[in-house]
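Visitor: Okay, handing you the structure first.
The values are calculated or read from the model by the stated rules, or taken from the named source; none is laboratory data. Remember, predicted model here, so these are calculated numbers, not experimental data. With ideal geometry, Cβ positions are generated from the backbone for all residues, glycine too; neighbour counts draw on all protein chains shown. Note: areas computed on protein heavy atoms with side chains; ligands, DNA, RNA excluded. Shrake-Rupley method; radii C 1.70, N 1.55, O 1.52, S 1.80 Å.
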Amino acid sequence: MKEILRICLAALLTAAVAVACSKDDKDGSVAYAQKALFLKRGETATVVFSGVNIASYSVSSVPTGWEKPELNTAAEPMTMTVKAPAADDTEAKSTGSIVLRGMTYGGEAVSASLFVSLDTPVIDQSDAPANCYIANRPNAQYLFDATRKGDGSKVATARVAVIWQTSMNLLRYLALDNGKVSFFVVEDSDDETIVKRGNALIGAYDDQDNLLWSWHVWITDYDPEADALDYGDYRVMSRQLGALQNGNADKDEIWNSYGLYYQWGRKDPFVGPSDWLASRGTSLSLYDGDSNTVRIGMVALSAETGTFAYTDAHPLHFLTTKAGDAAWLKDADAVNGQANGWKAVNNPCPSGWEVAPAAAFADLRIADDLTAEAESYEKKYGWTLTNGVSPSFYFAAGRRIYADGTIQNLFDESLPVRSVADEAQPWVGYNWATDEAGAATVFCYWFKKSDPKQSGLRTDLKLTPANGLSVRCVKKR
């Protein structure tokens, strides 16, 4: 009997091993070393690929008009040679995928796709280091220097990744390519002449996976150089930094005009609300490069968190504080930087632009007719302001309040208690600015519900620096 049991157990173990081996034979994978390949007509390129538990490789699909690539599976590493269609081949598709197929030892097929693009416009911004880069051309490859911060100082980048983006697959084929950040942006699904709009934050990491730096990418059909406002000594952007539109024609335009929010002195932005009416929405949804949801975290101010070292390493952390804290930055060097405005290394604006001095707004006045009934202004969400030469709509985005980071768009500086909802004004615009000494001040414009004629603006409002406010960039002279 014992012998029979021994034989049965041995048979069961043999069967289990056979099943395990069979499963291992079926499992396998293939992968390219890169996500995308951008070629000129007639150009040839070599792409590295790899496989796990693969018995044979083949190319199962190529874009129309493209030759099937040659595979070299004897090489180490294995390579694929891709040749782009010739210049006179007008039938070839300009974009598509090359699908690499692998057959496992168990007889199952696995595959990987390589995006290929022909004669793609390449916009290289590496010669103009910044903390914010604009991408405004659809179906184009963008490059910038992955080893330099906004002031040109060095960062030892080993890899790059999407920290957050405002829609899935907003940045396509992000890669670190010979010391440069490379990504691709596509056309809008409703209008092929413009780019798919949004905002993203790209992180630079070392070989230990520590976040070293980050860059904001503003993907927009807006060209600030072509549409700058003439304010005498200053050229000013005609919308808030990060805004996808600038107007109040309908709810969608209002929602797209919020732009981004910045705590004083920080280069990394925080997104706006998920609804055109800020009080009704939560924070806008954010996604990483794998389409996973990421969220803004609220972190209390402390000696540890109130430093540039901490905020640079935690761009998703909004620092919360009490109203009495004049400065959210606690280390001596950071406080000095805060008192003197955004340092060059933390400038949140694109290359050649900077946070506006209050003097840039000194000659503005409200251009709108304020004689109508109050109800007609409640959903304007901003005023048209002018210096007599360059009228422009100024969207009122409110602020991310210092206490908990939520978006608040109510204001009445005359109220002894600002929480009285039936008296508080329905919208207000706050823009960080610098005074003559370079210290923080706020350019503010508001609607007075009880008497629209008393609506106004000022350039000397003082708010706790931990508030998240809008930014208007000015062109450096």
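Visitor: Between A437 and R172, how many nm apart are label points set 7 Å from Cα along the C-beta direction?
Guide: 5.2
Visitor: Please report the spacing between the Cα centers of the stretch 342-377 and the stretch 436-477 in Å, no decimals.
Guide: Between the Cα centre of the stretch 342-377 and that of the stretch 436-477, the gap is 7 Å.
Visitor: Compare L39, L301 by solvent-accessible area with a 1.4 Å probe and give them largest first, with all protein chains kept in place.
Guide: Details: L39 5, L301 35 Å².
Largest accessible area first, the list is L301, L39.
Visitor: Return the whole-Å distance between the Cα centroid of the stretch 257-293 and the Cα centroid of the stretch 157-221.
Guide: 16
Visitor: Still on this structure: For a bin width of 5 Å, list the pair-distance distribution of the stretch 128-184 built from all Cα-Cα distances, rounded to whole %.
Guide: For the stretch 128-184, the binned pair fractions read 4, 18, 27, 28, 16, 6, 1 percent.
Visitor: Report the accessible area of D460, computed with a 1.4 Å probe over the heavy atoms of all protein chains in place, in Å² rounded to the nearest 10.
Guide: Approximately 90 Å² for this residue.
Visitor: Shifting gears a bit: If I ignore ligands, DNA and RNA and count only protein heavy atoms, how much of M168 is accessible to a 1.4 Å probe, in Å² to the nearest 10?
Guide: 90
Visitor: Got the relative contact order for the stretch 427-467 handy, in percent, Cα pairs under 8 Å and 6 or more residues apart?
Guide: Worked out over the stretch 427-467, it gives 34 percent.
Visitor: Please go through the residue pairs K83/K180; K68/K93; K40/K196; K380/K448; K35/K180; K180/K343 and name each one whose alpha carbons sit more than 18 Å apart in this structure. The partial results should precede the final answer.
Guide: Numbers: K83/K180 24 Å; K68/K93 14 Å; K40/K196 24 Å; K380/K448 12 Å; K35/K180 15 Å; K180/K343 24 Å.
Result: K83/K180; K40/K196; K180/K343 exceed 18 Å.
Visitor: Using a 1.4 Å probe on the protein heavy atoms only, what accessible surface does K380 show? Give it in Å² to the nearest 10.
Guide: Estimated to the nearest 10 Å², K380 gives 60 Å².
Visitor: While we're here: If you average the sequence gap of Cα pairs under 8 Å that are 6 or more apart and divide by the length of the stretch 86-136, what percent do you get for the contact order?
Guide: Taking the mean separation of contacting Cα pairs over the length of the stretch 86-136, I get 29 percent.
Visitor: Report the relative contact order of the chain, percent, no decimals, based on alpha-carbon pairs under 8 angstrom and at least 6 residues apart.
Guide: Relative contact order for the chain comes out at 12 percent.
Visitor: Also: Quick one: order H317, H216 from most to least accessible surface, probe 1.4 Å. Each step should come with its number before you reach the end.
Guide: Numbers: H317 50, H216 0 Å².
The residues order as H317, H216, largest area first.
Visitor: Here's a follow-up. When the accessible area of the chain is computed with all protein chains present and a 1.4 Å probe, what percentage of it is carbon and sulfur?
Guide: Whole-percent figure for carbon plus sulfur exposure: 49.
Visitor: Here is a further query. So if we plug the beta-carbon distance of D151 and S97 into 1/(1 + (r/R0)^6) with R0 = 41 Å, what FRET efficiency do we get, rounded to 0.05?
Guide: Approximately 0.55, to the nearest 0.05.
Visitor: Whose amide H sits under 5 Å from the amide H of V428, counting only residues 5 or more places off or on another chain, with H placed in the peptide plane?
Guide: Correct list: G398.
Visitor: Quick check: with the 1.4 Å probe, what order do E373, E436 take by accessible area, largest first? The partial results should precede the final answer.
Guide: Numbers: E373 135, E436 195 Å².
Ranked from most to least accessible, the order is E436, E373.
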